[in-house]
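Student: One structure follows; several queries about it will come next.
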Amino acid sequence: MNIGIIGTGSIVGKHAQAIAEIEGAELVALYNPNPESAAKAKAQFGISVFSDLNEFLSLPELAIVCVCTPSGMHLEPALAAAKAGKHLMIEKPIEINLDRTDQLIACCEENRVKLAVIFQNRFTEDYQKLKKAVSDGVFGRLLMGNAYVNWFRDSAYYSTSNWKGTLKADGGGALINQGIHTIDLLLDLMGEVKSVFGQVQTTLYPIEGEDLGAAIVNFKNGALGNITSATALYPGYSERIEIFGTEGSAILEAGKLTQWNVKGSFESVKPTENAGGSGASDPTAIGHQLHLEQWRLFINAIKENLNPVVDGKTARKSVELIRAIYFSSKEGKLIEFPFSDKT
């Protein structure tokens, strides 16, 4: 199963490490339109690096294309890859707004190619345990689900990048770039959203997007939820999910269960060692093992003609919620779902 990657940024190294450990999979080519960046990538990875997208997509042995460009630049290369018959793995978020997201999903459906979106935090052992417990009703009727991503980035994180924190390429700030991983988990656990009221602010950095955001969520199952996401909260704390039900509760921090309390049960939590790390204060402080697991599952989905674990429509949900929070903050009102960018 030969794979090519569009983009040569820092996250590409995680994908390369993951692919290298999968038997029968191989990273065969990279694409970057900047000749200087392409030359650096060739020296780093030792494989073919193309500066012409059509030439890259014309490789007959290429089965999967992974898109690792800035978030607001996913759509155009992804459309070209889908039309060339390549299955797609896309880094989160799938895109920065619902219109571009829907175009991408429709194109993949029309060209009958698989589409998966990287949300590797779904694959920690402790999250899988939490997900099963919620699905099995261990905590009873859900009352509240909270997601906190109270992280910190220094000023250089934004000042040395030409796209981070911009509306066109990043889609916003802390919510759509950093918080979206944990928001995805919250939605996976709590289900569909009924409405949201949110507020975002830019407090520390001269960026277009937010470095501070908060929201109150009403879920269709009757539960409430709180979301906070930031890159301005020094020194940065591990991301956290809290689940409360009529029969018990649990807390997941940086992919590890730290609390597990069920009425009538004396089960204690034993957090697993390999939870993937947290990017609370350093975006590079994550491993590749969870990317590896998602890659394995995606390759198997292609071989067995299965639906990917995080497909386009699933990945769309977190974009819809974040876009609704932005709109709520702008308009100062509660936003009902389903939400549209044209609302």
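Student: Give me the percent of Cα-Cα pairs in the range 61-130 that sit more than 16 Å apart, rounded to a whole number.
Tutor: 46 percent
Student: Return the whole-Å distance between the Cα centroid of the range 47-122 and the Cα centroid of the range 9-29.
Tutor: The range 47-122 and the range 9-29 have Cα centres separated by 16 Å.
Student: Can you figure out the FRET efficiency of S10 with R296, using R₀ = 30 Å and their beta-carbon distance, to the nearest 0.05?
Tutor: 0.85
Student: Here's something else I'd like to know. Please give me, ordered by residue number, the trypsin sites (Lys or Arg not before Pro) of the range 75-128 that lie in loop per DSSP and have at most 13 other Cβ atoms within 10 Å.
Tutor: R112
Student: What helices does the chain hold that run 20 Å or longer along their axis, going by alpha-carbon atoms, with a Kyte-Doolittle average of -1.0 or more, using DSSP H for the helix calls?
Tutor: What comes out of the filter, once short or polar helices are dropped, is 289-304, 312-331.
Student: Taking the Cα centre of the chain as the origin, how large is its charge dipole in debye, to the nearest 20, when only Lys and Arg (+1) and Asp and Glu (-1) carry charge on their Cβ atoms?
Tutor: With only Lys, Arg, Asp and Glu charged at Cβ, the dipole is about 440 debye.
Student: Just list whichever of K164/K256; K194/K270; K303/K342; K86/K317 have alpha carbons separated by over 31 Å in the model shown.
Tutor: Check vs 31 Å cut-off fails for K194/K270; K303/K342.
Student: Now a separate question. Normalized C-alpha radius of gyration of the chain, against 2.2 N^0.38 Å?
Tutor: Expressed relative to 2.2 N^0.38 Å, the Cα Rg reads 0.98.
Student: How large a share of the accessible area of the chain, in percent, is made up of carbon and sulfur atoms when the probe is 1.4 Å and the other protein chains stay in place?
Tutor: That share works out to 50 percent.
Student: Now for a separate question. Send over a whole-number figure in Å² for the accessible area per residue of the range 68-157, probe 1.4 Å.
Tutor: Averaged over the residues of the range 68-157, the accessible area is 37 Å².
Student: Continuing with the same structure: Cross-link partners among aspartates and glutamates for K40, C-alpha distance below 12 Å, same-chain residues fewer than 8 apart left out?
Tutor: In chain and number order, there are no partners.
Student: Here's something else I'd like to know. Are there GluC sites (Glu not before Pro) in the range 14-66 that DSSP marks as loop and that have at most 15 other Cβ atoms within 10 Å, and which are they?
Tutor: E21, E23, E61
Student: Label 7 Å along Cα→Cβ of T258; the range 202-224 residues with amide nitrogen under 18 Å?
Tutor: From the range 202-224, the list is empty.
Student: Pop a pseudo-label 7 angstrom from the Cα along the beta-carbon direction at both D341 and K40 and give the gap in nm to one decimal.
Tutor: For the pair D341/K40, the computed spacing is 2.9 nm.
The values are calculated or read from the model by the stated rules, or taken from the named source; none is laboratory data. Values in this document were obtained by computation on a predicted structure and should not be read as measured data. Using ideal geometry, Cβ is built from the backbone for each residue, glycine included, and neighbour counts are taken over all protein chains shown. These accessible areas exclude ligands, DNA and RNA; they are computed on the full protein's heavy atoms, side chains included. Shrake-Rupley method; radii C 1.70, N 1.55, O 1.52, S 1.80 Å.
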